[in-house]
Structure formats: C-alpha cells, structure tokens
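A.B. asks: To start, I am sharing the structure in question, which I have written as structure tokens.
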Amino acid sequence: MATNAVRVVHTVSEVGTAVAAWRAAGDTIAFAPTMGNLHAGHLSLAALGAEAARRVVMSIFVNPTQFGPAEDFAAYPRTLAADQALISAAGNCDLLFVPAAGEIYPFGAAEAVRLQLPVLSRELCGASRPGHFDGVATVVCRLLNIVTPNVLFLGQKDYQQFVLMQHMIADLHMPVELRMGPTLREPDGLAMSSRNRYLDARERQQAPALHRALARVRDHLRAGERDFARLITAARAELEGAGFKPEYVELRRQDDLRTANPEGDEPRIVLGAAQLGRARLIDNLFV
Ligand code: AMP
C-alpha cells in the first residue's frame, strides 16, 4: 500500500509556520517527542495523539544535555531514514521535527539556560545518572515552546520522567495537558526500547527477566504480601541470577513517586533498572 511520506522539517521557524497555519484553521495539536530509532511504543504515542487532537507532531532529537559524559550519546542509534518510513507507514503524524543541536540550543551548550528539577530527579534513575532529568527538562521545555501543543504524550516506560515533567508543567504554569501512553512490550514481556539493540542474542534471551522480576513483586503485593524488603531482595536476586547487574528495584507511591508505606493502601508502582551487557534497561509496573 502506498503511503504519503511524513513532512520533515529541521528548523524552529518551519515548525512555527506550520503551527500558525493549523491554529488559524482552529486545529488542536498533540506532540510526542522522541530520540528516534523508533519502535511501536513511539508510534503508539502518535496514534494516541491522533485520537486526542487534529494534528500530531513528533520530534527526533538525541538531546546532548541529558547524557552523562560516560554515557551512550555518541553510540545512541540514529536511524532517521527507517524512522521516517515507520512514521509515514503509520500515517498519523502531520509533522516530524528533526532539529540540529544548534536549533534547540542557539547559544550553544555552554550558554544554554538549564532547568533544575527537585529532589526526585536525583533518586531512582537520577541517582546513577546525575543531571539526566535536568537535561530532559531543559529540552522538553524548549520543544514545548517551539511546538506549542495542546497535549503532550509521554510513555509510562519512563515513569519517573513522566512524573517529573508533570511537576515541571504544573510548577511553571505551562499551558499544555500531559497524558501518558502505556508501555508497549515484545511478546516475551521485554519493554520496547531503542537500547534493546545493544543486547546480543544471549542477552536478548535473558532480558525479559527484568519484567518477570517486577511482575513477581507486583503479584505478591496483590496477593497481600507486605514485606517490601523481602520482595525487593528476591527481585534483585532473580535479576542477578539472570545475568543482570541490578541498579535498583523500588516500590513507590504511584502518584508522586514518594516512598510507599507498607501499611497504607495508596496505589503503588514497582520500578527497576539494571545493566545487561552494554544495555541499561528500565521498566516499571503499576501494582
Ligand atoms: P525515547 O525515544 O526513548 O526518548 O522515548 C520517547 C518517548 O517514547 C518517551 O515518552 C518514552 O516514554 C516513550 N516510550 C519509550 N519506550 C516506550 C514503550 N516501550 N512503550 C510506550 N512508550 C515508550
């Protein structure tokens, strides 16, 4: 089946022109930012966007300010042609914004205004990735100013990112509605991720153990188990047994990611991050 190629623009001014025309026609806009190397999880956010608004914008930008010096910024997969083909075939994105770093950071990294998020940004994934979430906020704020969407779609897979962006949007009075898309998974449970391509064949076989370990914690909690420490120790052991180096497994309150109280009955979430070979994998499940 022939598909229309998605319109790709590289500059802030081209986005501005497209958005102004849509606004003049009364169209609403949904936005799903990504770092590219797209998979069905990314495309699902565009599909949700198409249900929520008349126009859908996606962006592909491997944001340098959210990578630490020892992280995979240079190695991060850049697959623009394949990404464009996937978006075009899916057929629900009106504009793909693919800026160079100079468009997003016109004064360069050294002169960039940076956001600083509160303490949650230094916990969980932030503990091993100092400055990561400040970098995410720094780029998401710019992208929202450029695209001016009515609705922003982010994935549950990066739940800490979602909660922090929710906080940023509320705290800065940003005029956008934030919505979450569910985590899309491979048939064996592994959460789809651009970083899955770092896994070799053997590691790929082991990788679903992260989802399995978190699912076991969730199931025990649902069955009434309240010894959080025991559940977390067992999950870490399960990950080590599957060849992972666990970074954290934690139970938190779902709405704000504060420490969960074993005696309470608030909705919870179990989150984990672990290294498997070259890949750092994350996942989470609502309890
Ligand atoms: P990334 O390109 O990894 O920065 O992700 C871009 C957006 O896609 C973020 O909002 C992610 O949370 C979301 N995302 C990543 N993986 C998945 C997935 N497996 N299912 C749904 N959304 C995802």
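The values are calculated or read from the model by the stated rules, or taken from the named source; none is laboratory data. Source: prediction; values computed, not measured. Cβ: placed from backbone, ideal geometry, glycine included. Neighbour counts: every protein chain shown. Ligands, DNA and RNA are stripped out before the accessible areas are found, and what is left, the full protein with its side chains, is counted by its heavy atoms. Shrake-Rupley method; radii C 1.70, N 1.55, O 1.52, S 1.80 Å.
A.B. asks: State the answer as a single residue: which of Phe153, Gln84, Leu199 lies farthest towards the positive end of the charge dipole of the chain, with beta carbon charges of +1 for Lys and Arg and -1 for Asp and Glu, about the Cα centre.
C.D. replies: It is Leu199.
A.B. asks: Keeping the other protein chains in place, figure out the carbon and sulfur percent of the accessible area of the chain, with a 1.4 Å probe.
C.D. replies: 53
A.B. asks: Using a simple spin-label model with points 7 Å from Cα along the Cα→Cβ vector, what separation in nm is obtained for Ala25 and Arg278?
C.D. replies: 4.3
A.B. asks: If you don't mind, there's one more thing I want to ask. Given the Cα-Cα distance of Ala201 and Glu51 and 0.36 nm per residue of separation, how much length would full extension add, in nm?
C.D. replies: Residue separation times 0.36 nm, minus the Cα-Cα distance, leaves 50.3 nm.
A.B. asks: Step through the residues of the range 97-110 one at a time and calculate ³J(HN,Hα) from phi using the Karplus curve (6.51 cos²θ - 1.76 cosθ + 1.60, θ = phi - 60°), rounding each to whole Hz and writing x for Gly and Pro.
C.D. replies: These are the phi-based 3J(HN,Hα) values: 9, 10, x, 7, 4, x, 6, 7, 10, x, 9, x, 4, 5 Hz.
A.B. asks: If you take the beta carbon distance between Arg226 and Ala5 as r and set R0 to 51 Å, what does 1/(1 + (r/R0)^6) give as a FRET efficiency, to the nearest 0.05?
C.D. replies: 0.40
A.B. asks: For the range 204-269, what is the relative contact order in percent, using Cα pairs closer than 8 Å and at least 6 residues apart in sequence?
C.D. replies: For the range 204-269, the relative contact order is 27 percent.
A.B. asks: Here's a follow-up. I need the peptides 93-106, 115-128 ranked by packing, meaning the mean over residues of other C-beta atoms within 10 angstrom, with the highest value on top.
C.D. replies: 93-106, 115-128
A.B. asks: On to the next question. Nearest 20 debye, what's the magnitude of the dipole of the chain about its Cα centre given +1 on Lys and Arg Cβ and -1 on Asp and Glu Cβ?
C.D. replies: For this selection, approximately 320 debye.
A.B. asks: Over the chain, what is the relative contact order in whole percent, taking alpha-carbon pairs under 8 Å and six or more residues apart?
C.D. replies: Here the relative contact order equals 17 percent.
A.B. asks: Might you tell me the accessible area per residue for the chain, computed with a 1.4 Å probe and given in Å²?
C.D. replies: For the chain, the solvent-accessible area averages 47 Å² per residue.
A.B. asks: Expressed as a rounded percentage, what relative contact order does the range 25-137 have, with Cα pairs under 8 Å and six or more residues apart?
C.D. replies: Relative contact order, the range 25-137: 28 percent.
A.B. asks: Report, by chain and number, residues whose modeled amide H sits under 5 Å from the one on Thr28, excluding near sequence neighbours (fewer than 5 apart, same chain).
C.D. replies: Arg54, Arg55
A.B. asks: About the Cα centre of the range 1-114, what is the dipole size in debye to 20, counting +1 per Lys and Arg Cβ and -1 per Asp and Glu Cβ, all else neutral?
C.D. replies: 220
A.B. asks: Obtain the nm distance between the two label points defined at Asp171 and Ala82 by a simple spin-label model: each point lies 7 Å from its Cα along the Cα-to-C-beta direction.
C.D. replies: 3.7
A.B. asks: Placing +1 on the Cβ of each Lys and Arg and -1 on the Cβ of each Asp and Glu in the chain, which of Gly241, Ala25, Ala229 has its Cα farthest towards the positive end of the resulting dipole?
C.D. replies: Comparing the listed Cα positions along the dipole, Gly241 ranks first.
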